[in-house]
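The structure appears below as structure tokens.
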Amino acid sequence: MKIEKYKYLGNGRYKVFIDKNDYIIFEDIILKYKILGKDNITKEELSKYLKENTFYEGYYKATSYINIKLRTKKEIEQYLSKNDFDSKVITKIIDKLTKDGYLNENIYTEAYINDQINLKIIGPLKIENDLIKLGIDKNIINKHLNCYTKEMQYEKIRKVIDKEIRLNKNKSSEMLKNKILMGLINKGFYRNDIILILDEFEIDDKDIYEKEYQKLYNKLSKKYSGQVLEYKIKEKLYQKGFRK
């Protein structure tokens, strides 16, 4: 098979014209097999080059993906799989990416945790679960999650509680505490820590209670009176979280 000419395409790729056909071959293969110095190659050689070319295609596709932001091994596996690379090639690509320093799950985990702590109000449980979903080993997670101290977590919990109290002036103390508790649990904080910090806050719902009582009285007194009216009002207040 006659090699007719070469054309450099940039980004480490050559277009090689062979017997009136053209093939995109990566520079790594061109240099490795000294193809530029050859006038002819066999069908077997071409088949070998093209097979190895698939590996480099996946490798450079993965490095471009990583250059956007750090990735985990699992993310790269999923990305290459979606791009129709077979599992054996993906395994070889992962090995080379790891060897070349593109994939380092300790560095990834440390950076991820620091970003979550600095940029979000998020608890350790959610950080851990999210990293597990990304394929990070639990031992690696635990090693780096130690930087998220209890004091840092408590500070974030206090900020949320303070904000919720300011924004919810129409809820009973019990209903508001339950709302805050569930919200912070969903953000990945520990239940016991939330309850501990909640106990620092005194939520006075006396004015809210009186307003709700009067509102219900005005509404229900049109239909009920006496003890029945009082019972109906207390029932509605209980449903709203008032326990007085």
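The values are calculated or read from the model by the stated rules, or taken from the named source; none is laboratory data. This is a predicted model, so every value here is computed, not measured. Ideal geometry is used to build each Cβ from the backbone, glycine not excepted, and the neighbour counts take in all protein chains shown.
Before moving on, here are some points about what is shown:
- When Ile25 is tested against the conditions (1) in contact with a strand residue (DSSP E or B) (Cβ under 6 Å, 6 or more places away or on another chain); (2) surrounded by fewer than 15 Cβ atoms within 10 Å (Cβ to Cβ); (3) modelled with pLDDT of 90 or more, the lone failure is (2).
- Restricting Lys61, Lys74, Lys88 to those that are exposed (fewer than 14 other Cβ atoms within 10 Å of the Cβ) and either touching a Ser or Thr at 6+ places or on another chain (Cβ under 6 Å) or assigned to a helix (DSSP H, G or I) (or both) reduces the list to Lys88.
- Asn170 vs. criteria assigned to a loop (DSSP other than H, G, I, E, B), within 30 Å of Lys215 (Cα to Cα) and in contact (Cβ under 8 Å) with a residue 12 or more places away in the chain: yes
- Residues satisfying the stated conditions in segment 24-41, i.e. under 39 Å from the mean Cα position of the chain (by Cα) and part of a strand (DSSP E or B): Ile24, Ile25, Phe26
- Residue in segment 97-112 that is in contact with a Phe, Trp or Tyr (Cβ under 6 Å, 6 or more places away or on another chain) and in a helix (DSSP H, G or I) present: no
- Qualifying residue in segment 125-146 (condition: more than 23 Å from Glu75 (Cα to Cα) and either part of a loop (DSSP other than H, G, I, E, B) or not polar (S, T, N, Q) (or both)): yes
- Qualifying position, being touching a residue at least 40 places away in the same chain (Cβ under 8 Å), part of a loop (DSSP other than H, G, I, E, B) and not polar (S, T, N, Q), among Ile122, Ile197: Ile122
Let's see how each residue does on (1) touching a His at 6+ places or on another chain (Cβ under 6 Å); (2) charged (D, E, K, R); (3) not assigned by TED's automatic domain parsing to the domain that holds Asn192:
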position: Gln78; (1), (2), (3): no, no, yes
position: Ser81; (1), (2), (3): no, no, yes
position: Tyr112; (1), (2), (3): no, no, yes
position: Asp115; (1), (2), (3): no, yes, yes
position: Asn129; (1), (2), (3): no, no, yes
position: Leu134; (1), (2), (3): no, no, yes
position: Gln153; (1), (2), (3): no, no, no
position: Lys171; (1), (2), (3): no, yes, no
position: Glu174; (1), (2), (3): no, yes, no
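- Check on Lys74, basic (Lys, Arg) and in contact with a Gly (Cβ under 6 Å, 6 or more places away or on another chain): yes
- Considering Ile165, Ile157, the condition of being touching a residue at least 40 places away in the same chain (Cβ under 8 Å) and assigned to a helix (DSSP H, G or I) is satisfied by Ile157 alone.
- Options Thr54, Thr72; residue that is touching an Asp or Glu at 6+ places or on another chain (Cβ under 8 Å), at negative phi and among the polar types (S, T, N, Q): Thr72
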